[in-house]
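Engineer: One structure follows; several queries about it will come next.
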Amino acid sequence: MKIVAFAGSNSKNSINKKLATYVSHLFENADIEVLDLNDFALPLFSVDLEMEIGKPQLAADFLDKLGSADIIVLSMAENNGNYSAAFKNLFDWASRQNIKVFQEKPMLLMATSDGGRGGARVLEIAETAFPRYGAIIKATFSFPKFYDNFDLEQNKISNPELDQQIKEIVRNFSI
């Protein structure tokens, strides 16, 4: 089973990437590939630019990575209550090549933030929108107060209740 995990963030120290990496490794007997949105940096999408440069190879490469997955583990960053600009831009470019960006793959959709709501707003937006783009969302997880509940030295969830909650989600995840 192959898992493609990534964060909806281009931060070099993305807390969402840390969460997605940790959670993806909870799946047993999985081949895990963790993507970095910085590897898919594209100019700001516009129809005019698309007409000028065509369909970028980086967007096709991103789609190929998602297509290789048996499961997608995605943790969304919340910027002002919505997707990060980096994620939205890559998503826009990719959707011009395949409207079903997530290619009917089972998804564990998550979000985290340093606040008490754990990216709940962006998680709600993504949970509503992504099925239209080929995501089969099997489970969601909102992880609040990242810096209080995640051990950065050991790269794992330090809050026993939250750790048990995500382990239960992974244990019951079916494809």
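Engineer: Express in nm, to one decimal, how much length is gained between Asp39 and Ile99 on full extension, taking 0.36 nm for each residue of separation and deducting their alpha carbon distance.
Structural biologist: That works out to 19.5 nm of additional length.
Engineer: Something else about it: Sort 66-72, 26-32, 36-42 by the packing proxy (mean of other Cβ within 10 Å over each peptide's residues), most packed first.
Structural biologist: 66-72, 36-42, 26-32
Engineer: Counting each DSSP H run of 4 or more residues in the chain as -39500 (n - 2.57), what helix-only mean residue ellipticity at 222 nm follows after dividing by all residues, to the nearest 500 deg cm²/dmol?
Structural biologist: -10500 deg cm²/dmol
Engineer: Based on other C-beta atoms within 10 Å, arrange Tyr133, Tyr83 from fewest to most.
Structural biologist: If I rank by nearby Cβ atoms, fewest first, I get Tyr133, Tyr83.
Only the coordinates and a few stated rules stand behind these numbers; no lab work does. Everything quoted here is computed from the prediction, not taken from an experiment. Here the Cβ is made from the backbone with ideal geometry for all residues, glycine too, and neighbour counts use every protein chain on show.
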